[in-house]
Amino acid sequence: MVNLIYEQLQDNIRQGRKVDKPLLNWFLLTFVLSWLTLGIALIYTFIKRILRVDKYIRRKSEYFDIVIHFIELEANERGLDDYDKIMNGLKERLEEFRNSNILIMPYFIKAFIPLIILTIFFALYILITGINNIEVNLLITIIAIWAVFAFGVIIIYIYKMNKVWDDIQRFEYDMYEYISKAFISLKLIDDPIIYYMDLTIKKDFIKYTIFGFITLGIWFLVWDYYVHTAPERLYKTFHSAEDRVSGIIKSCCRRD
């Protein structure tokens, strides 16, 4: 049974390694490819960022399910101190994470589809009416409405992306605390699993937004750089913890 759990865990980790990779270099993307591709590279990377987050969230949900199943199996054989406290803590924290609506793609769809519809509507109106036949005040109003709507959508996206990786690492930190307690009680390890949190991942949303306006948008580029590179700064910690858990479970396979 432990062998099957180990194989499931390894398969889960292998799937993750295929996705947990750096995207295009931010400087190359922002200052070269975005211009050469008329923005297509930006849109592509924008979607890749979202998919990378959501795939990671779904995978780690399955990953912790597998680990919890392993702990339950070992607890039946070895006995686990504070079984109810540890297992309830693990399951409740995992369930809380799943119910937190942390996935980005649903927000992307809800926010950007109305923006696309509004863009198409305004574009068709201008094309059918003719830009020369539209009063200047009306044209300015149309552009202003579109700009405000687009900016609101972008701000929502930035807000979600600004906190999502921080939410993930805090969730994993809590989970590995419980897992460490379980493994130590089961006498599988002597020291807890090391999991370092990067407290610089989440930026002060209000402060960074104000800086963005004060610098006429320049600071939004800085912020976008942080959003783009955030997961790459976390992958080493994520993968190190996964590999240690995998090694512990593998040692139990040898026993069987």
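Since every read-out is calculated from the coordinates, none of them should be taken as a lab result. Since the model is a prediction, treat every value here as computed from it, not as a measurement. Note that we place each Cβ from the backbone using ideal geometry, even for glycine, and neighbour counts take in every protein chain shown.
Below is a table of values for the structure above.
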item	result
Radius ratio Rg over Rh of region 50-102, counting only Cα atoms, Kirkwood formula for Rh	1.08
For 87, 1, order by how many other beta-carbon atoms lie within 10 Å, fewest first	1, 87
Set of lysines near residue 91 by C-alpha distance (under 18 Å), chain-local residues within fewer than 8 positions excluded	60, 181
Computed P(r) (all Cα pairs; the chain; 5 Å bins; percent)	1, 5, 11, 13, 15, 13, 10, 8, 7, 5, 4, 3, 2, 1, 1, 0, 0
The chain: most fluctuating residue of 173, 44, 83 per GNM, C-alpha cutoff 10 Å	44
Listed residues 223, 26, 35, most fluctuating in the chain (Gaussian network, C-alpha, under 10 Å)	35
Approximate spin-label separation residue 159-residue 250, in nm, with each point projected 7 Å along Cα-to-Cβ	4.4
Global form of region 1-96, assessed from the alpha-carbon gyration tensor, a/c cut-off 1.5	prolate
q = 0.13, 0.15, 0.19 Å⁻¹, region 113-256: log10 I(q)/I(0) [Debye, one scatterer per Cα]	-0.76, -0.88, -1.09
Footprinting exposure proxy for 199, 24, 139 (fewest neighbouring C-beta atoms within 10 Å first)	199, 139, 24
Of 48/203; 85/110; 21/202; 21/187, pairs whose Cα-Cα distance is over 31 Å	85/110; 21/187
Sorted by Cβ neighbour density within 10 Å, fewest at the top, the residues 204, 65	204, 65
Choice from 149, 205, 121 with maximal GNM fluctuation in the chain (Cα, 10 Å cutoff)	121
